[in-house]
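Step one of this worksheet: look at the structure below.
The values are calculated or read from the model by the stated rules, or taken from the named source; none is laboratory data. Not measured: the values here are computed from a predicted model. Positions of Cβ are generated from backbone atoms using ideal geometry, with glycine treated the same way; all protein chains shown enter the neighbour counts.
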Amino acid sequence: MRSQLSSVLLISTLVLLSIPVGGRLARGKTVGPPEVAWKDMTFKQRKAYMKAAVTPTMKPIFQAFDAKKFSTFNCATCHGNDGADRKYKMPSNDIHALPSTPAAFQAKLKSEATWPKWAEFMSQKVEPAMGKVLDVPVFDPKKPVEGAFGCIKCHKLEASTP
């Protein structure tokens, strides 16, 4: 009887240890893509994954681009100062809006001195890194794919003028 009770306790303990808790597996591994798709993760799992995978991946990329501007890199860098109040939903209120048409975007690239540098950084460094860490394709305007990572995942679009 005592050995049966010990066996039941041992099995119960092993089962409980295998249940994911708050975005982490029992052994301390953060849940995330590709094992669990971003779209299927709970808020707690997403928050843990952002802390364990996204921030450590993106921080050096942003700091290599502009060490002074991104000397502090945290949730607010991308999610904005009101990120916590908005449950970190994107796009951010604090990241400047982008032109809503390709023509308007091209005009900004020609009229704003810093835009070409930023556009290159975002398209060549940020989008591929975020696509990889989230395990989603990077947006390609020639072959749009639902769920791809691109500009509008972080930036709002400017209101178009009639």
So F105, is it without any contact (Cβ under 8 Å) to a residue 40 or more places away in the chain, farther than 14 Å from I61 by Cβ and touching a Pro at 6+ places or on another chain (Cβ under 8 Å): yes
Qualifying residue in segment 111-132 (condition: among the hydroxyl-bearing types (S, T, Y), free of Cβ contacts under 8 Å to residues at least 12 places away in the same chain and surrounded by 12 or more Cβ atoms within 10 Å (Cβ to Cβ)): yes
Residues being of a type in the set (D, E, K, R) and outside any helix (DSSP H, G or I) - total across segment 42-86: 6
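In this structure, does T13 turn out to be surrounded by 14 or more Cβ atoms within 10 Å (Cβ to Cβ), at pLDDT below 90 and over 14 Å from the mean Cα position of the chain (by Cα)?
no
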Residue count for segment 133-147, restricted to those that are surrounded by fewer than 18 Cβ atoms within 10 Å (Cβ to Cβ), in a loop (DSSP other than H, G, I, E, B) and touching a Phe, Trp or Tyr at 6+ places or on another chain (Cβ under 8 Å): 3
